[in-house]
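Trainee: Please see the structure below; I have some questions.
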Amino acid sequence: MNRLAATSFAAGEAEWPRYRPEEHRAGIVHLGLGNFAKAHLLAYTDEVLSAKGGDWRVIGVSLRGTAVAEALNPQDGRYTLITRGAETSARIIGALKYVVAGARTASCALSAMTRPACRIVSITVTEKGYGITSDGHLDRAHPAIAADLSQPDAPLGVIGLIVEALRQRRAAGIAPFTVLSCDNLSHNGAKLRRAVLDFATQIHDADFAGWIEAQVRFPSTMVDRITPASTAETFATAKELTGHEDLAAVETEPFRQWVIEDDFGAGRPEWELAGAVFVSDVGPYEQMKLRMLNGAHSMLAYSGQLSGKTYVRDVMADPAHAALVRRHLAAAAATVRGLALDLGAYADALAERFSNPAIAHATAQIAMDGTQKLPPRITATALDALEAGTPTRAFAFALASWVTYVARRSADGAPILTDDPRAQALLAAASGARNAAALLPALAAACPDILPERLMAGDFGRTLSELTDAMLREGMPAVIAREAASGGV
Ligand code: CS2
């Protein structure tokens with residue numbers, strides 16, 4: 001098999017590295033190497049290396065099994081990044097050095113993270129990977145947090161790894177790295193910082209926590225690039241465009257955005273050369289993206305799953321459903337404060353990105369982990385809208401879609417909800433409940449951060465209940481058609 005590797009000759013239409021990756025040392029350790037990091041942080045870093053050089057290659061750490069390492073390491077970290085828009089193009093990324101995974105993850109990751117050359121530890125582990133509650137506290141019930149608190153020198157999770165690596169660096173007199181969270185958590189840097197300090201205080205002492213507080217930077221970031229899971233078609237396109245077999249190929253959309261707080265303690269790549277934007281406060285950008293893009297995504301994922309739409313583009317191809325996406329974007333935009341940006345234009349661009357016919361972004365992929373995603377995407381937005389007196393029906397529709405999704409069973413009686421760390425608790429709460437009057441209080445008791453009292457009461461609570469009953473009784477397609485026709489806000 002002609003497999004992609006450092007020694008491969010450039011072939012096909014793809015763009016090959018115009019720099020020599022092996023001449024650059026690693027300056028970043030990335031925890032949670034998956035498709036998103038491969039399409040985002042690594043793509044930006046690859047362009048900087050190409051334009052400017054520097055010791056900023058990336059060592060990846062995979063915390064969820066060995067598949068990613070098994071695909072990438074035999075290829076010397078090389079992989080094909082396919083961009084699908086009006087045209088399809090491909091670029092071979094050379095920024096990744098290798099991936100650590102498997103039985104020795106903790107020791108190998110710690111040795112990479114404690115090298116003086118490591119100046120940034122970046123992270124994409126999804127919302128559920130941190131062990132931080134939606135209100136920003138250390139979640140002691142999270143499996144990795146619980147395990148790492150009892151065995152801090154062989155950590156399995158992000159927070160445990162960061163704390164142990166920082167402890168070892170301090171003991172060896174090595175300056176700390178900057179910690180860069182690149183996940184869709186609101187205030188991702190600030191929340192991670194608080195959880196790290198909390199963890200460090202628990203297992204070490206206030207002196208060490210004080211050192212972290214004074215020395216370690218945790219800039220917040222807003223990251224954006226729609227990146228579907230790779231399929232057989234991804235691998236076939238990679239082969240066609242590169243002339244090589246690539247078991248680590250990833251595909252993504254042309255658009256990308258990265259807004260970063262410029263607060264790095266030990267240097268950073270000039271990511272602005274690749275289009276990243278450095279600001280002093282990421283908050284408003286994060287709010288815009290989480291509430292508009294991700295909020296609309298979650299709404300269309302649940303309502304799409306319940307109306308037979310496999311991909312986001314299928315939702316957008318149904319005019320009634322697309323109108324509800326538009327309604328959601330407008331209602332979410334009305335809650336975003338502090339940005340001198342044209343949110344109408346941002347909403348238009350989102351609708352266009354969601355409609356991209358070349359991107360097969362599965363609604364099932366977005367529907368995963370709802371308990372982690374909904375609090376900042378929908379609940380916080382709905383609460384702000386209620387407070388400000390701006391339209392809220394779109395949020396009641398989104399929450400009713402999730403509630404109905406949790407309650408729904410397939411023809412053989414199996415739940416359709418599976419991929420959520422709280423699936424068991426949700427299914428237990430929903431079991432036997434046949435209408436909104438039974439279902440809503442049960443789910444609110446299980447997830448008060450998704451259905452707080454304020455949203456269960458008053459007009460909002462009534463609308464939520466009516467929509468849930470309608471979805472359960474008449475089915476999602478009928479409710480979508482009626483909602484869109486009534487133009488309700
Ligand atoms: C999506 C995001 O899966 C999801 O929940 O909403 O992954 C989304 O595609 C990215 O945040 C886009 O930047």
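The values are calculated or read from the model by the stated rules, or taken from the named source; none is laboratory data. The model shown is predicted, which means the values in this text are computed figures rather than measured ones. Cβ: placed from backbone, ideal geometry, glycine included. Neighbour counts: every protein chain shown. What goes into the accessible areas is simple: the full protein's heavy atoms, side chains included, and nothing from ligands, DNA or RNA. Shrake-Rupley method; radii C 1.70, N 1.55, O 1.52, S 1.80 Å.
Trainee: List nothing, just return the count: lysine pairs in the range 21-279, 8 or more apart or interchain, with Cα separation under 28 Å.
Mentor: Number of lysine pairs found: 9.
Trainee: Give me P(r) over the range 230-303, computed from all C-alpha to C-alpha distances, binned every 5 Å, as integer percentages.
Mentor: P(r) for the range 230-303, in whole percents per bin: 3, 12, 13, 13, 14, 16, 15, 11, 3, 0.
Trainee: Please compute the modelled spin-label separation between Gln215 and Ala141, points set 7 Å along Cα→Cβ, answer in nm with one decimal.
Mentor: 3.5
Trainee: Something else now. Please state the relative contact order of the chain as a whole percent: Cα pairs under 8 Å, 6+ residues apart?
Mentor: Over the chain, the number comes to 14 percent.
Trainee: With a point put 7 Å past each Cα toward its Cβ, work out how far Ala388 is from Ile174 in nm, to one decimal.
Mentor: Modelled inter-label distance: 4.6 nm.
Trainee: With labels modelled as points extended 7 Å from the Cα through the Cβ direction, what inter-label distance (nm, one decimal) is found for Asp205 paired with Asp263?
Mentor: In this crude label model, Asp205 to Asp263 measures out at 2.8 nm.
Trainee: Still on this model: Report the rotationally averaged projected area of the range 337-388 based on its alpha-carbon convex hull, in square nanometres.
Mentor: 5.0
Trainee: Express the relative contact order of the range 21-279 as a whole percentage, based on alpha carbon pairs under 8 Å and six or more residues apart in sequence.
Mentor: 23
Trainee: List the trypsin sites (Lys or Arg not before Pro) in the range 396-487 that DSSP assigns to loop (not H, G, I, E or B) and whose Cβ has at most 15 other Cβ atoms within 10 Å. Which are they?
Mentor: For trypsin sites (Lys or Arg not before Pro) across the range 396-487 that sit outside H, G, I, E and B with at most 15 neighbouring Cβ atoms in 10 Å, the list reads Arg434.
Trainee: Filter the trypsin sites (Lys or Arg not before Pro) in the range 6-40 to those in DSSP coil with at most 16 other Cβ atoms within 10 Å of their Cβ, and list the result.
Mentor: Passing both the DSSP loop test and the Cβ count: Arg18, Arg25.
Trainee: For the chain, what are Rg and Dmax over the alpha carbons, in angstrom?
Mentor: Values for the chain (Cα only, Rg and Dmax): 22.7, 66 Å.
Trainee: On C-alpha positions alone, give me the angle between the axis of helix 476-486 and the longest principal axis of the chain, in degrees, nearest 10.
Mentor: 70
Trainee: Then there is this: Once the principal axes of the Cα atoms of the range 62-123 are found, what is the range along each, listed largest first in whole angstroms?
Mentor: For the range 62-123, the Cα extents along the three principal axes come out at 44, 25, 19 Å.
Trainee: Which semi-axes, in whole Å and largest first, does the equivalent ellipsoid of the range 283-486 have when worked out from the alpha carbon gyration tensor as the square roots of 5 times its eigenvalues?
Mentor: With the √(5λ) rule applied to the range 283-486, the semi-axes are 25, 20, 16 Å.
Trainee: Shifting gears a bit: Enter the per residue convex hull volume of the range 21-279, computed from alpha-carbon coordinates, in Å³ rounded to the nearest integer.
Mentor: That works out to 121 Å³ per residue.
Trainee: If every alpha-carbon in the range 91-208 counts as one equal scatterer, what log10 I(q)/I(0) does Debye give at q = 0.11, 0.17 1/Å?
Mentor: Relative scattering, expressed as log10 I(q)/I(0), comes to -0.35, -0.86.
Trainee: For helix 436-446, what angle does its Cα long axis make with the longest principal axis of the chain, in degrees from 0 to 90 and rounded to 10?
Mentor: The angle comes out at about 30 degrees.
Trainee: Once neighbouring chains are kept in place and the probe is 1.4 Å, which whole percent of the accessible area of the range 21-279 is contributed by carbon and sulfur?
Mentor: Solvent-exposed carbon and sulfur of the range 21-279 make up 50 percent of the total.
Trainee: Among the GluC sites (Glu not before Pro) in the range 1-90, which ones are in a DSSP loop with at most 12 other Cβ atoms within 10 Å of the Cβ? Mind listing them?
Mentor: When the GluC sites (Glu not before Pro) of the range 1-90 are filtered for loop state and at most 12 Cβ neighbours within 10 Å, Glu13, Glu87 remain.
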